[in-house]
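Written out below as structure tokens is the structure these notes cover.
What follows draws every value from the coordinates through simple rules; no lab data is involved. Quick caveat: nothing in here was measured; it's all calculated off a predicted structure. Quick reminder, even Gly has a Cβ in these numbers, built from the backbone with ideal geometry, and neighbours come from all protein chains shown.
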Amino acid sequence: MRRKLKSWEIMRVIFPEVLADYFEIVDVTEGDTSVDIFMDEREFMEREDYKLGTVRSYGFTEERVIQDFPIRGKASYLHVRRRKWRDSSTGEIFSYSYDDLTAEGSKLSPEFVAFLKE
């Protein structure tokens with residue numbers, strides 16, 4: 001049985017799960033040999049921080065470039081920016097971490113590394 005996918009479901013098919021869950025596409029550019037996809041972390045706060053009531057979005061980190069599976073025969077690069085948060089009660093600025101964005105010691109997605117090893 002086939003069904004029509006919603007845009008968020010398409011992201012889950014194409015991108016690593018952590019990106020589909022916590023990030024949104026803000027821009028896409030295509031060159032002769034590559035596709036660059038720019039993604040920003042959604043404004044989603046962990047429950048504990050939300051309950052504090054003192055944590056607010058505070059911009060973004062520098063982008064991190066991750067090479068993922070080729071798209072239509074072109075190299076694909078994911079330009080990912082994590083959101084920065086500021087706790088006004090302590091002045092602390094922090095970001096949530098996603099350890100599985102890249103394979104250890106590389107700038108490649110874990111799924112792409114696994115595919116290349118095969």
Taking interchain pairs and intrachain pairs at least six residues apart, which have beta carbon atoms under 8 angstrom, with the first residue in the range 54-79 and in contact (Cβ under 8 Å) with a residue 40 or more places away in the chain and at positive phi and the second of a type outside the set (S, T, N, Q) and crowded, with 16+ Cβ neighbours inside 10 Å? none
Taking V18 as meeting all but one of (1) within 14 Å of the chain's Cα centre (by Cα); (2) over 29 Å from F94 (Cα atoms), write down the number of the exception. (2)
Of all residues in the range 1-36 being surrounded by 10 or more Cβ atoms within 10 Å (Cβ to Cβ) and polar (S, T, N, Q), the one that is farthest from R72 (Cα to Cα): T29
Report every pair of residues separated by at least 6 positions or lying on different chains whose Cβ atoms are under 6 Å apart, first residue within the range 3-32 and farther than 15 Å from F69 by Cα, second small (G, A, S) and surrounded by 11 or more Cβ atoms within 10 Å (Cβ to Cβ). none
Name, by its number, the condition in (1) of a type outside the set (V, I, T); (2) surrounded by fewer than 15 Cβ atoms within 10 Å (Cβ to Cβ); (3) within 19 Å of Y96 (Cβ to Cβ) that does not hold for D40. (2)
Flag for G91 being at positive phi, surrounded by fewer than 14 Cβ atoms within 10 Å (Cβ to Cβ), part of a strand (DSSP E or B) and out of contact with any Gly (no Cβ under 9 Å at 6 or more places or on another chain): no
